[in-house]
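Following: one structure in structure tokens, then a few remarks.
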Amino acid sequence: MADGGAPARLRPHRILHCTACRHCNAPCAPGLAFLTRLDAAIAIAPVGAEFELIGSANLACDARLCPVVWRATAEGTRLWGDVAAEVPVAVLLGSGSGAYVTVAAEIVTGAVVLQ
């Protein structure tokens, strides 16, 4: 916008939960960068309450590729590090059946309500 303001539908996201990655003993920088871009896209997209997008990727973390699974909704995003793509998101959310899955890192963001 010419006056520097944000469009009314822009809903910035903030980090609600971020664990240190067991591989680097720090927050997952590639995961945070990925979610920052994903959150920015969702903030400007005309998504409704029913919006859900699930995917997987391999993020470069120093000298290794780390498989991640992510989920995006209108309310926020979530990323789990060092997780095989075939692991169902329901299991990662704790609502699915199956074996317990250990993740290297977890990042959760949420949409900020604009007043």
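The values are calculated or read from the model by the stated rules, or taken from the named source; none is laboratory data. All figures in this text were calculated on a predicted structure; none of them were measured in a lab. Please note: Cβ atoms are built from the backbone with ideal geometry, for glycine as well, and neighbour counts cover all protein chains shown. Quick note on the areas: whole protein, heavy atoms, side chains included, nothing else; ligands and nucleic acids left out. Shrake-Rupley method; radii C 1.70, N 1.55, O 1.52, S 1.80 Å.
Observations on the model:
- Hits in segment 53-81 (condition: open to solvent by 40 Å² or more (accessible area, probe 1.4 Å) and either touching a Cys at 6+ places or on another chain (Cβ under 6 Å) or under 14 Å from residue 93 (Cα atoms) (or both)): 54, 71, 78
- Search result, residues across segment 25-40 that are open to solvent by less than 50 Å² (accessible area, probe 1.4 Å) and not acidic (Asp, Glu): 26, 28, 30, 31, 32, 33, 34, 35, 38
- Given (1) touching a residue at least 40 places away in the same chain (Cβ under 8 Å); (2) in a strand (DSSP E or B), index of the condition residue 43 fails: (2)
- Any hit, segment 13-25, residues being within 13 Å of residue 73 (Cβ to Cβ), part of a loop (DSSP other than H, G, I, E, B) and not aromatic (Phe, Trp, Tyr): no
- Index of the failed condition, residue 96 passing every other in (1) at pLDDT below 90; (2) within 14 Å of residue 29 (Cα to Cα): (2)
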